[in-house]
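Student: Below is one structure. I have some questions about it.
The values are calculated or read from the model by the stated rules, or taken from the named source; none is laboratory data. Being a predicted model, the structure only gives us computed values, none of them experimental. Counting neighbours? That spans all protein chains shown, and the Cβs are built from the backbone with ideal geometry, glycine included. Surface accessibility is based on the protein's heavy atoms, side chains included, excluding ligands, DNA and RNA. Shrake-Rupley method; radii C 1.70, N 1.55, O 1.52, S 1.80 Å.
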Amino acid sequence: QMLLVVEKNQLIGETTLTMSEPLPSFLSEWDLAEMKEAFSMLDNTGTLRIPASMLVNAALQVAECPDPKQVFQHVQQTRLSPQGSIDFNKFVGFMCGMVPYERPRDRLISCLKVLALNTRTISRDLLRRSLMSFGATMPEEEIDELLAGVPADADGNIDIHRMADFLLS
């Protein structure tokens with residue numbers, strides 16, 4: 001499980017994370033960086049605490065929650081005092097309650113399902129072509145090396161769940 005707490009004067013803004021208190025282990029490094037950036041923008045005083053009253057705006061912007069009523073209900077459920085302030089860990093906990101985060105394996109399977117046209121398998125050739133054409137492309141040699149380690153059936157189809165496990169191992 002990932003353990004983090006906020007300290008001053010490094011990384012994003014004036015906020016950095018070091019080991020100490022537990023945060024949800026399913027958050028990716030990208031998710032945490034986004035949370036740190038949002039928190040540091042709200043921490044106008046540099047005290048590593050933000051007013052709980054700012055959570056509504058944060059949830060509406062960061063969590064992209066379109067319904068203010070839902071945000072207010074979440075504030076009430078978490079029993080945060082509007083007059084109080086919260087630290088980074090409570091902020092992350094609150095935001096995680098607003099956003100349905102997917103575990104990395106589930107995210108990867110969702111992406112592979114799109115390529116596999118919602119089936120359980122994808123052809124090695126289609127996966128190879130997709131990896132060569134999306135975003136920052138990989139060299140052909142690296143793709144061939146990667147795919148050589150992935151088990152395929154007799155027809156050259158790869159199970160997307162096995163592929164996700166392989167990529168995350």
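Student: Where does each of Val56, Val114, Val92 land when they are ordered by accessible area, with a 1.4 Å probe and the largest first?
Tutor: Val114, Val56, Val92
Student: Okay, moving on. Take the alpha carbon atoms of the range 29-98, find their radius of gyration, then divide it by 2.2 N^0.38 Å using N residues; give the quotient.
Tutor: Details: Rg = 11.1 Å, N = 70, 2.2 N^0.38 = 11.1 Å.
Taking the Cα Rg and dividing by 2.2 N^0.38 Å, one obtains 1.01.
Student: At a Förster radius of 30 Å, what calculated FRET efficiency corresponds to the Cβ-Cβ distance of Asp165 and Glu37, to the nearest 0.05?
Tutor: Given R0 = 30 Å and the Cβ-Cβ separation, E is 0.45.
Student: To the nearest 20 debye, what charge dipole does the range 104-168 have about its Cα centre, counting +1 at the Cβ of each Lys and Arg and -1 at the Cβ of each Asp and Glu?
Tutor: Dipole magnitude for the range 104-168 comes out near 380 debye.
Student: Still on this model: Heavy atoms only, probe 1.4 angstrom, no DNA, RNA or ligands counted: give me Ser133, Ser169, Ser85 ranked by accessible area, highest first.
Tutor: Result of the area sort, largest leading: Ser169, Ser133, Ser85.
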